[in-house]
Amino acid sequence: VTSVALVRMLPVSNMILNVGLSLSRVGNRAFLFGTLLGFMPQGVVAVLVGSGVGEEVVLRGAVQIGIAAVILVVVMVWSARRLRARKT
C-alpha cells in the first residue's frame, strides 16, 4: 500500500502508472488503498486552492493558497525522505 501511494505521488501520467502497476504483483486491495492514500494530498491541495480562488476577500484566499503550498512542500519532502530511506 505504501509503495502504491508513493508511486501515485510521482509527477508522471496516470496512464503510465496504471500500466506499470497492473503489470506488477500488487494486489487489488493494496492498489485501491494505495491509490486512495496517494491521491489524498493532491486532493487536499486542489480543494484549498479552489476554495481560495473563490474567496471574495483577497487576503483569505491568499492565506488558503499559501497553506496549500506548505502542505504540498511538506508532502513532497516527506515522500523524498521516505524514498531515500528505502533505497539505503
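The values are calculated or read from the model by the stated rules, or taken from the named source; none is laboratory data. Bear in mind that the values here come from a model prediction, so they are computed numbers and not experimental data. Because the Cβ atoms are built from the backbone with ideal geometry, glycine has one as well, and the counts that use them run over all protein chains shown. Each accessible area value is taken on the protein alone, full model and side chains, heavy atoms only, with ligands, DNA and RNA left out. Shrake-Rupley method; radii C 1.70, N 1.55, O 1.52, S 1.80 Å.
In whole Å, what are the extents of the chain along the principal axes defined by its C-alpha atoms, from largest to smallest?
Computed over the chain, the largest-to-smallest principal extents equal 50, 27, 20 Å.
Within the range 1-20, whose backbone N sits under 15 Å from a point 7 Å along Cα→Cβ of LEU32?
The answer is 1, whose backbone nitrogens lie closer than 15 Å to the label point.
Along the charge dipole of the chain, pointing to its positive end and built from +1/-1 on Cβ of Lys, Arg, Asp and Glu, which listed residue (VAL7, GLY27, LEU72) has its Cα farthest out?
Final value for the positive-end residue is GLY27.
Can you give the FRET efficiency to the nearest 0.05 for ARG60 and LEU83, using r as the Cβ-Cβ distance and R₀ = 35 Å?
Details: r = 35 Å, r/R0 = 1.00.
The computed FRET efficiency comes out at 0.50.
Hey, what angle do you get for helix 14-23 against the long axis of the chain, alpha-carbon based, 0 to 90 degrees rounded to 10?
20 degrees
Normalised by the residues of the chain, what does the relative contact order come to in percent, with Cα pairs under 8 Å and at least six apart?
Relative contact order for the chain comes out at 27 percent.
Along the range 24-38, what does the Karplus equation 6.51 cos²θ - 1.76 cosθ + 1.60 (θ = phi - 60°) give for ³J(HN,Hα), rounded to whole Hz, x for Gly and Pro?
Once rounded to whole Hz, the list reads 7, 9, 6, x, 4, 5, 5, 4, 5, 5, x, 5, 4, 5, x.
About its Cα centre, what dipole magnitude does the chain give when the only charges are +1 on Lys and Arg Cβ and -1 on Asp and Glu Cβ, stated in debye to the nearest 20?
It works out to roughly 640 debye.
In square angstrom, what is the accessible area per residue of the chain with a 1.4 angstrom probe?
Numbers: 6470 Å² over 88 residues.
Ligands and nucleic acids excluded, the figure is 74 Å² per residue.
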